[in-house]
Amino acid sequence: MKILIVGSGGREHAIAASVAKSPKAEKIYCAPGNAGIAEYAECVAIGAMEFEKLAAFAKEKEIDLCIVGMDDPLVGGLVDTLEEAGIRTFGPKKNAAILEGSKAFSKDLMKKYHIPTAAYENFTDPDAAIAYLENAKFPIVLKADGLALGKGVLICQDLEEAKAGVKEIMLDKKFGSAGNEMVIEEFMTGREVSVLSFVDGKTIKTMTSAQDHKRAGDGDTGLNTGGMGTFSPSPFYTKEVEDFCNKYIYQATVDAMAAEGRPFKGIIFFGLMLTEDGPKVLEYNARFGDPEAQVVLPRMKNDLIEVAEACIDGTLDQIDLQFEDNAAVCVVLASDGYPVKYEKGFPIEGLDEFKKHDGYYCFHAGTKFNEDGKIVTNGGRVLGVTAKGKDLKEARANAYAATEWVKFENKYMRHDIGNNSKVEIFVQRHSIYFL
C-alpha cells in the first residue's frame, strides 16, 4: 500500500514509525513532514491546509490510505476533500470533527446526552459573559470555542482576572476567530487522564491511558504549552474508572454523534478529570494527542494500518486491540524560552544513538535539514525522547538517561515528567473514590 500522512510534528513522526512497521506499507509519504519523519517517509512540500494540492498529489501517486494527524485540517474538512477525490482517508469528516472544533458544540452535546462534564454556559456577547461572571463561583474556567493550539483556556481566580480573560479572548482576539464564542465552565479539581480511542462510527475501542504535562516548568509552573512530556499508562486510570467511563462516557459519545447525524470515524481523544464525584469529560480531541501518541503508539501491538482500515470500513468490532504490559515515558526537549520567545537553527547531535537501543525513540516535533543537510532545531518543541520500561519508574529513568544522548545549544526540558512520588500520592488520594 501507498500511505500518505498529513502533518509535521512529533505525533506524525510516531504515526509514521508505527505505519513503517506494517508489512502492508510499501511506500510512505508525509506532507509536509520533518527531518525525523524523513527516515520513514518521503516528505512532500505541501502544507496541511492545502487541501486541493493534497488531493491532487494523492491521486497522482495513487495513494491507498491517507492518515490525517493534525486538528486544523480535520476541522477544516480535509477528509471530505480527499474522500470526494476517491482517496480512502482515516479521520473524521468536517461535520464530526466539530467535536474538537467547537467547545460550545461538544458541551451542548454532553448536556443533551447526559455525558458527565463540568457545568457551563456559552457566550457570543462579551457583555453577557461579564454579567454572568458577576455572580459566578471562583475559580472559574474560560475557554475559547475554536482551535487555539491547546492554549485557549484560562483559569481565573477572581472577577477581575475573569473580566481580563473575557477581553483577551473575545475582544483582543488573542486566539483569533477561536474567541468569537466562549465557554465559561465550572472549575473542576482532581487528576487529569487522557484516553485515546479508535472509532468506526458505531464501535469504539479504547487504547491504553496516558497523562500529559502542559506547564512549561517543573512542578507544573509557568505557562501552558502544547505539552512538555507524558507517560503511559496512568496509574490513576483504575479498573473502576474504566468501567464508569465505558458505561457513561465512551460509547455514549459515539452514539450521541451518530444520533446527531455526525457519525465519527477516526480517533476520539477523551480528556478526563477524575473528580470526587467520578470521572468527567474536560474536552474532546478528534485526533491522536501530541505528545500522547508518542507513548501510546510504541506500546500498541496491532498493525496501525489494519486498525485504521477497520475504522473506515466499520469493522472495528472485529479488531482485538492489544497493548504491551509495560510503561512508556516521553520527555520533550524544547528550545529555551518556549512557549514565548526562542531561537532556532541550532545543530542537533546524538540522534544516531537511538538506533542502537531497543525500546528507545526520538520523535521529531520541530526539526529540519539545513543547507548542509544537517538536522537543526526548527520550533519550540524540538524532540520527544521516549523510552519504555517494565513500569513507570524504569521507563522514566530510561527516558531521562536518553535525553542526555541529545545535545543542542538551547536545550530545555522539565525534570519531573512522570514523577513517582506524585503518582503514589494521587493513587492514594483517588483510589477511595471508585471502590
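Throughout, read-outs are computed from the coordinates displayed, never taken from laboratory work. Note that this is a predicted model, so its numbers are computed, not measured. For neighbour counting, all protein chains shown are included, and Cβ atoms are generated from backbone atoms with ideal geometry for every residue, glycine included.
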*What fraction of the Cα pairs in segment 43-101, stated in percent, has a spacing above 19 angstrom?*
19 percent
*Could you give the length gained on full extension between residue 369 and residue 404, defined as 0.36 nm per residue of separation minus the Cα-Cα distance, in nm?*
10.4 nm
*Net dipole in debye of the chain [+1 Lys, Arg Cβ; -1 Asp, Glu Cβ; about Cα centre; nearest 20]*: 360 debye
_Tell me the volume per residue, in Å³, of the convex hull enclosing the alpha carbons of the chain._
140 Å³
_Length added when fully stretched, residue 173-residue 20, from 0.36 nm per residue minus Cα-Cα_ = 51.0 nm
*Rounded to whole Hz and in sequence order, give me ³J(HN,Hα) for segment 396-407 from the Karplus expression 6.51 cos²θ - 1.76 cosθ + 1.60, θ = phi - 60°, writing x for Gly and Pro.*
5, 4, 5, 5, 5, 5, 5, 4, 6, 5, 9, 9
*asked:* How charged is the neighbourhood of residue 349? Take every other residue with its Cβ under 12 Å from the Cβ of residue 349, and add Lys/Arg as +1 and Asp/Glu as -1.
replied: -1
*asked:* Is the C-alpha gyration tensor of segment 222-319 telling us rounded, prolate or oblate? Criteria: a/c under 1.5 is rounded; beyond that, a/b larger than b/c is prolate, otherwise oblate.
replied: oblate
*Rounded to the nearest 0.05, what FRET efficiency do residue 301 and residue 61 have when you use their Cβ-Cβ distance and R0 = 35 Å?*
0.75
*Determine the relative contact order of the chain: mean sequence separation of Cα pairs under 8 Å and six or more apart, normalised by residue count, in whole percent.*
16 percent
*asked:* Treating only the Cβ of Lys, Arg, Asp and Glu as charged (+1, +1, -1, -1), what charge dipole size does segment 2-155 show about its Cα centre? Round to the nearest 20 debye.
replied: 500 debye
*What spacing in nm lies between the two simple spin-label points modelled at residue 160 and residue 125, each 7 Å away from Cα in the Cβ direction?*
2.8 nm
*What percent do you get for the relative contact order of segment 121-203 when only Cα pairs under 8 Å and 6+ apart count?*
37 percent
*Around residue 94: net Lys/Arg minus Asp/Glu count, Cβ-Cβ under 14 Å*: -3
*Cut-off of 10 Å, at most 11 other beta carbons, DSSP loop: longest stretch of the chain lacking such GluC sites (Glu not before Pro)*: 135-275
*Give, as a single signed number, the net charge of other residues whose beta carbon lies under 10 Å from the beta carbon of residue 65, with Lys and Arg counted +1 and Asp and Glu -1.*
+1
